[in-house]
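Okay, structure first, notes after.
The values are calculated or read from the model by the stated rules, or taken from the named source; none is laboratory data. Keep in mind the model is a prediction, meaning the values are calculated, not measured. All Cβ positions, even for glycine, are placed from backbone atoms using ideal geometry, and neighbour counts span all protein chains on display. Heavy atoms of the whole protein, side chains included, go into the accessibility calculation; ligands, DNA and RNA do not. Shrake-Rupley method; radii C 1.70, N 1.55, O 1.52, S 1.80 Å.
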Amino acid sequence: MIARISSASLFGIDAMPVDVEAHVSSGLPNFSIVGLPDAAIRESRERVKAGILNAEFEFPKRRIIVNLAPADVKKEGPAFDLPIAIGVLATTRQMSIRRPGRYVIVGELALDGSIRRVAGVLAFAILVRDQGLAGLIVPRENAAEAALVSGVTVIPVATLYECASFLSCEAEITPYVREGSADSDFIDTIQRDISEVRGQQVARRALEIAAAGGHNLLMFGPPGSGKTMMAEAFPGLLPRLTLEEAIETTRIYSAARTSVTATALVGARPFRSPHHTISDIGLIGGGTVPSPGEISLSHNGVLFLDEVNEFQKRVLEGLRQPLENGHVTISRAAGIVRYPSEFILLAAMNPCPCGYLGDPIVDCSCTPQEIRRYRTRISGPLRDRIDMHVEVARLSRAQLTSDSAGESSEIVRERVARARAVQGERFAAVNIKVNARMRNKHLAKFCEMDEHTKDFLGHAVDRFAMSGRAYSKITAIARTIADLSGQRDISIDHIAEALQYRSLDREIKVL
């Protein structure tokens, strides 16, 4: 007799259906799992045996073969423990599957027969919904996550015995239903208010523009000028996540086996700040079994690289494709995995190795060669892909001791939300959300300028020998500035302000 149990496996952030086929025959006792299993699946033989015995079933002393189909695709993770155990019980007639419909079953078995949570349940629920299956049987700890996908019957189980009883129609389990609206899971992203930042009016304005248009931003200035504080306040300027964005982000975190909130939904825009010793795989993603990196965990949020010059050059160069395309493609022998990575890059750096180039109080001790070498750690092509470059100067004593506070994050976020709403209407018919994602065809259509304004921009590009990409970035920034001011057309004033935020395109003269 052969038992077939429906399950699923992760590939990237997507799920693919897998049939677990169990066959028991006469012969010397043996337990084999075939179908390109990884080490975690091969070890499931011991977990399944102990789980079956401790759930008060009998483990057959016969030859057992379990096949994971399709057999030519590598499977990984412990989520097959539960369907394998159910298959063994069904093929030895210790239970019969009488439940109508096709259920996808996932779960890791503990040695005592209880069921532990697994990764990727959100993707499994989407698979069940898209294929119109009867439902999804998951560990009780994963039920809230699976129920984020509407229209899916989620059956939470705590033990192997409970799962077998449900499939045999010997017991009923109430499908899990989320309490209240998913909107209640969203949390406020204002952890540090922008009003805490003293002075730095130009940098604060640049942060608002970056938030409104989704632009990448590089801040450079001496130590203690407030770069890190402003970066930490930046997520509070962004609009709150939509439900669609939250589910999309949660799907990545689920596939990465990264714990999320108690409600299972990522309710705030991600803010990731990896250390400069991170590897290229840690930042971009990959590995023998591909997993999302920091850029994908920052999807729909912010990636902050403090002391960006200290990151390995190979690591930084890996950002070029994701910044341009909004996704990262990882090729492995098992196939090609694509992870979304639409994030806003915030980077901070000192102007020179000692940090005091151009400082009015402390003299710089660096040589021109040291400064040039320090600056070139960020290559020209990567710098081109960072929309805005802003100098953050040392604060004066009057600014540091001032009691006057600037606008709060909530006030700035309201303006940002209005500008984002304008962009939402503008890009309703195209597959982009913010100005920073515009391509040349979008710039020609949505960035209207009169001839005088075009000539002004052209002369600036020629004077500073800017690249074509820099030209496009300036145009997109000017479009965002116009959106914040509620104007349809881009004027010279908008272009002039946008040019201020490309300071690294101008040659740095070291005396």
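Among the residues of the stretch 263-270, is there at least one that is among the charged types (D, E, K, R), under 30 Å from Arg116 (Cα atoms), crowded, with 23+ Cβ neighbours inside 10 Å and at pLDDT 90 or above? So far as the stretch 263-270 goes, yes, one or more of its residues are among the charged types (D, E, K, R), under 30 Å from Arg116 (Cα atoms), crowded, with 23+ Cβ neighbours inside 10 Å and at pLDDT 90 or above. When you look at Leu511, is it at pLDDT below 90, of a type in the set (A, V, I, L, M) and in contact with a Leu (Cβ under 9 Å, 6 or more places away or on another chain), yes or no? The answer is no for Leu511. Taking first residues from the stretch 49-69 that are more than 10 Å from Leu89 (Cβ to Cβ) and partners that are part of a helix (DSSP H, G or I) and acidic (Asp, Glu), the Cβ contacts under 9 Å between residues at least 6 apart in sequence or on separate chains come to Gly51/Asp81.
If a residue has to be of a type outside the set (Asp, Glu) and under 30 Å from Asn325 (Cβ atoms) to count, how many in the stretch 374-408 make the cut? Within the stretch 374-408, residues that are of a type outside the set (Asp, Glu) and under 30 Å from Asn325 (Cβ atoms) number 16.
Going through (1) in a helix (DSSP H, G or I); (2) open to solvent by 50 Å² or more (accessible area, probe 1.4 Å); (3) of a type in the set (D, E, K, R) one by one, Glu245 falls short only on (2).
Table: residues versus (1) assigned to a helix (DSSP H, G or I); (2) in contact with a helix residue (DSSP H, G or I) (Cβ under 9 Å, 6 or more places away or on another chain); (3) surrounded by 19 or more Cβ atoms within 10 Å (Cβ to Cβ).
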| position | (1), (2), (3) |
| --- | --- |
| Ala421 | yes, no, no |
| Ala436 | yes, yes, yes |
| Lys445 | yes, no, no |
| His452 | yes, yes, no |
| Tyr471 | yes, yes, no |
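A Cβ distance below 7 Å, combined with a sequence gap of six or more or placement on separate chains, defines the contacts here; from the stretch 179-204, residues that are more than 30 Å from Glu497 (Cβ to Cβ) and aliphatic (A, V, I, L, M) reach residues that are at pLDDT below 85 and open to solvent by less than 30 Å² (accessible area, probe 1.4 Å) in the pairs Ala182/Leu265; Ile187/Gly267. Of all residue pairs spaced 6 or more apart or on separate chains, those with beta-carbon atoms under 8 Å, a first member in the stretch 8-22 that is over 16 Å from Ile33 (Cα atoms) and open to solvent by less than 40 Å² (accessible area, probe 1.4 Å) and a second member that is of a type in the set (D, E, K, R) and at pLDDT below 95 are Leu10/Glu76; Gly12/Arg338; Ile13/Arg251. Residue count for the stretch 96-118, restricted to those that are open to solvent by 20 Å² or more (accessible area, probe 1.4 Å), in contact with a helix residue (DSSP H, G or I) (Cβ under 8 Å, 6 or more places away or on another chain) and assigned to a loop (DSSP other than H, G, I, E, B): 7.
Of the residues in the stretch 148-170, how many are over 25 Å from Thr91 (Cα atoms) and touching a residue at least 60 places away in the same chain (Cβ under 8 Å)? Summing the residues that are over 25 Å from Thr91 (Cα atoms) and touching a residue at least 60 places away in the same chain (Cβ under 8 Å) in the stretch 148-170 gives 2.
Filtering the stretch 12-49 to residues that are among the small types (Gly, Ala, Ser) and outside any loop (DSSP other than H, G, I, E, B) leaves Ala15, Ala22, Ser25, Ser32, Ala39, Ala40, Ser44. Kindly provide the set of residues from the stretch 345-354 that are over 16 Å from Leu504 (Cα atoms) and open to solvent by less than 50 Å² (accessible area, probe 1.4 Å), ordered by number. Scanning the stretch 345-354 gives Leu345, Cys354.
Do we find a residue being at pLDDT 90 or above, within 21 Å of Pro381 (Cα to Cα) and in contact with a Ser or Thr (Cβ under 7 Å, 6 or more places away or on another chain) anywhere in the stretch 416-435? Scanning the stretch 416-435, I find at least one residue that is at pLDDT 90 or above, within 21 Å of Pro381 (Cα to Cα) and in contact with a Ser or Thr (Cβ under 7 Å, 6 or more places away or on another chain), so the answer is yes. For the stretch 390-431, a tally of residues being of a type in the set (Val, Ile, Thr) and in contact with a strand residue (DSSP E or B) (Cβ under 9 Å, 6 or more places away or on another chain) returns 2. If you filter the stretch 135-146 down to residues that are hydrophobic (A, V, I, L, M, F, W, C) and crowded, with 24+ Cβ neighbours inside 10 Å, you find that the one that is farthest from Pro100 (Cα to Cα) is Ala146.
Let's see how each residue does on (1) open to solvent by 60 Å² or more (accessible area, probe 1.4 Å); (2) over 30 Å from the mean Cα position of the chain (by Cα); (3) within 22 Å of Gln321 (Cβ to Cβ):
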{"position": "Val416", "(1), (2), (3)": "no, no, no"}
{"position": "Ile432", "(1), (2), (3)": "no, no, yes"}
{"position": "Lys441", "(1), (2), (3)": "yes, no, yes"}
{"position": "Asp455", "(1), (2), (3)": "yes, yes, no"}
{"position": "Ile481", "(1), (2), (3)": "no, no, no"}
{"position": "Arg488", "(1), (2), (3)": "yes, yes, no"}
{"position": "Gln500", "(1), (2), (3)": "yes, yes, no"}
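Can you find even one residue in the stretch 315-324 that is of a type in the set (A, V, I, L, M), out of contact with any helix residue (DSSP H, G or I) (no Cβ under 7 Å at 6 or more places or on another chain), surrounded by 15 or more Cβ atoms within 10 Å (Cβ to Cβ) and modelled with pLDDT under 95? No: the stretch 315-324 contains no residue that is of a type in the set (A, V, I, L, M), out of contact with any helix residue (DSSP H, G or I) (no Cβ under 7 Å at 6 or more places or on another chain), surrounded by 15 or more Cβ atoms within 10 Å (Cβ to Cβ) and modelled with pLDDT under 95. Of all residues in the stretch 70-96, those that are without any contact (Cβ under 8 Å) to a residue 40 or more places away in the chain and assigned by TED's automatic domain parsing to the domain that holds Arg47 have Cβ atoms under 6 Å from Cβ atoms of residues that are among the charged types (D, E, K, R) and in a helix (DSSP H, G or I), 6 or more apart or on another chain, in Asp81/Arg47.
Right, Ile284: in contact with a strand residue (DSSP E or B) (Cβ under 7 Å, 6 or more places away or on another chain) and not charged (D, E, K, R) or not? It is true that Ile284 is in contact with a strand residue (DSSP E or B) (Cβ under 7 Å, 6 or more places away or on another chain) and not charged (D, E, K, R). Ile209 falls short on exactly one of the conditions (1) modelled with pLDDT under 90; (2) surrounded by 22 or more Cβ atoms within 10 Å (Cβ to Cβ), and that condition is (1).
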